[in-house]
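> The structure is given below, and queries will be raised subsequently.
The values are calculated or read from the model by the stated rules, or taken from the named source; none is laboratory data. Here the structure is a predicted model, which means the values were calculated and not measured. Cβ: placed from backbone, ideal geometry, glycine included. Neighbour counts: every protein chain shown. In case anyone asks, the SASA skips ligands and DNA or RNA and just uses the protein heavy atoms, side chains included. Shrake-Rupley method; radii C 1.70, N 1.55, O 1.52, S 1.80 Å.
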Amino acid sequence: MAATNRELADFLRRARAQVDPSRAGLPPDGRVRRVPGLRREEVAFLAGVSTDYYTRLEQGRRITPSPAVVESLGRALGLDAAGRAHLRDLIGVTPGAPARRPRGVQRVRPGLYQLLDALDGEPVLVLGRRTDVLAANRMARALFTDFERLPPRHRNYARWMFLDDDARSLFADWEDQARAAVESLRFESGRDPGDRATLALVEELREHSREFDRWWEQHRVHQRTHGSKRLRHPLVGDLTVEYETLVPPGDPDTTVFVYTAEAGSPSKRALDLLASWTLTDSGTDTDTSTDTAPERRRRSGPARER
């Protein structure tokens, strides 16, 4: 085990620097502020701990505060729900979290393949750890890209977002979507900072994308639960899709993303046109709705490492 918790130290420093002192409820002291955000002693005061104790935390010392102290720190730093969860993960006091099992193979269970088939008219992606793309129905492949045609190690949503020129052209709001991908990956990495596959992915993206490197360094976190994406699709033009996420019970490492458009809207008509195209264009047909789950697994290669 490392001597210091560097991820925690970095997160606390950056979170403290982002707090507006004028809104923190602190009494004025007349001192000139030479750096943005709160001072260490101010965070300690707001959290109800000693300055020495907070300083040791921000230095990454291997101490474990109580859940109550962690919640107080989250309030003092103005963290949202994702930020507080990330703080708990980094400190190691996530309530009710099961012990980490040894890494195994991450598989999509047959019932999820059946769900993809049942939602054939809507784009659906199944993402695993570190945003690995585990499965996609024909509409998701037509709307985004055919991940199954990529080499297995390249089937990753964040990697595609930053290293594929088509992704940059597809999203009208690429910067917003890409930043969210970084912050979501940051959030997940806090659950297991030593995961080798995640570290390798981050290293690759930091090396090849200046935007990823800059946003990763900011250490902001985001948990995707719902939202929207604006696209400029090469076949059906501009459209906006809304997404909702579903986490299968008993499988917290898997997230199902379902994309829809408002009934009767131009975006819905664009999705319907795309659905029709994928069924009728024999030259580029991506429909696999008749495939069985084992056939899809064989075509898409080995399951992903958990």
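> Residue by residue through the range 218-235, note down the ones that are assigned to a loop (DSSP other than H, G, I, E, B) and of a type in the set (Ser, Thr, Tyr). Don't jump to the end; show me each part of the working.
Step one: of the range 218-235, the residues assigned to a loop (DSSP other than H, G, I, E, B) are 218-225, 234-235.
The one that is assigned to a loop (DSSP other than H, G, I, E, B) and of a type in the set (Ser, Thr, Tyr): Thr225.
> With out of contact with any Gly (no Cβ under 7 Å at 6 or more places or on another chain) and assigned to a helix (DSSP H, G or I) as the only criterion, which of Asp213, Asp238, Asp251 stands out? Don't jump to the end; show me each part of the working.
Working: Asp238 fails: assigned to a helix (DSSP H, G or I); Asp251 fails: assigned to a helix (DSSP H, G or I).
Matching residue, one of Asp213, Asp238, Asp251: Asp213.
> Can you find, within the range 199-214, the residue that is nearest to Gly237 (Cα to Cα) among those that are open to solvent by 10 Å² or more (accessible area, probe 1.4 Å) and touching a residue at least 24 places away in the same chain (Cβ under 8 Å)? Before the answer, list the steps.
Step one: filter the range 199-214 for residues open to solvent by 10 Å² or more (accessible area, probe 1.4 Å), giving 199-204, 206-208, 210-211, 213-214.
Among the residues that remain, those that are also touching a residue at least 24 places away in the same chain (Cβ under 8 Å) are: 201, 204, 208, 211.
Values: Leu201: 32, Glu204: 32, His208: 29, Glu211: 26 Å.
Filtering the range 199-214 for residues that are open to solvent by 10 Å² or more (accessible area, probe 1.4 Å) and touching a residue at least 24 places away in the same chain (Cβ under 8 Å), the one nearest to Gly237 (Cα to Cα) comes out as Glu211.
> Consider the range 116-141. How many of its residues are more than 22 Å from the chain's Cα centre (by Cα) and in a helix (DSSP H, G or I)? So that I can check it myself, show each step before the final result.
Step one: list which residues in the range 116-141 are more than 22 Å from the chain's Cα centre (by Cα), which gives 117-121, 138.
Still in the running and in a helix (DSSP H, G or I): 117-118, 138.
Number satisfying all stated conditions: 3.
> Next question, about the same structure. With respect to Arg191, determine if the residue is in contact with a helix residue (DSSP H, G or I) (Cβ under 8 Å, 6 or more places away or on another chain), modelled with pLDDT under 95 and open to solvent by 20 Å² or more (accessible area, probe 1.4 Å). Reasoning before the result, please.
Values: in contact with a helix residue (DSSP H, G or I) (Cβ under 8 Å, 6 or more places away or on another chain): yes; modelled with pLDDT under 95: yes; open to solvent by 20 Å² or more (accessible area, probe 1.4 Å): yes.
For Arg191, the condition - in contact with a helix residue (DSSP H, G or I) (Cβ under 8 Å, 6 or more places away or on another chain), modelled with pLDDT under 95 and open to solvent by 20 Å² or more (accessible area, probe 1.4 Å) - is met.
> Mind listing whichever residues of the range 160-188 are in contact with a helix residue (DSSP H, G or I) (Cβ under 7 Å, 6 or more places away or on another chain) and either open to solvent by 40 Å² or more (accessible area, probe 1.4 Å) or in a loop (DSSP other than H, G, I, E, B) (or both)?
Leu163, Arg168, Arg179, listed by residue number.
> Being open to solvent by 20 Å² or more (accessible area, probe 1.4 Å), assigned to a loop (DSSP other than H, G, I, E, B) and modelled with pLDDT under 95 narrows it down to one of Pro302, Pro294, so name that one. Working first, answer last.
Values: Pro294 fails: assigned to a loop (DSSP other than H, G, I, E, B).
Among Pro302, Pro294, only Pro302 is open to solvent by 20 Å² or more (accessible area, probe 1.4 Å), assigned to a loop (DSSP other than H, G, I, E, B) and modelled with pLDDT under 95.
Table: residues versus (1) open to solvent by less than 30 Å² (accessible area, probe 1.4 Å); (2) hydroxyl-bearing (Ser, Thr, Tyr); (3) in contact with a Ser or Thr (Cβ under 6 Å, 6 or more places away or on another chain).
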position	(1), (2), (3)
His219	yes, no, no
Gly227	yes, no, no
Arg232	no, no, no
Val241	yes, no, no
Val247	no, no, yes
Asp253	yes, no, no
Tyr259	yes, yes, no
Ala263	no, no, no
Pro266	no, no, no
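> To continue, here is another question. Anything in the range 268-282 that is open to solvent by less than 30 Å² (accessible area, probe 1.4 Å) and modelled with pLDDT of 90 or more? List them, or say none. Break it down stepwise before answering.
First pass over the range 268-282, keeping only residues open to solvent by less than 30 Å² (accessible area, probe 1.4 Å): 270-271, 274-275, 278.
Passing the criteria: Ala270, Leu271, Leu274, Ala275.
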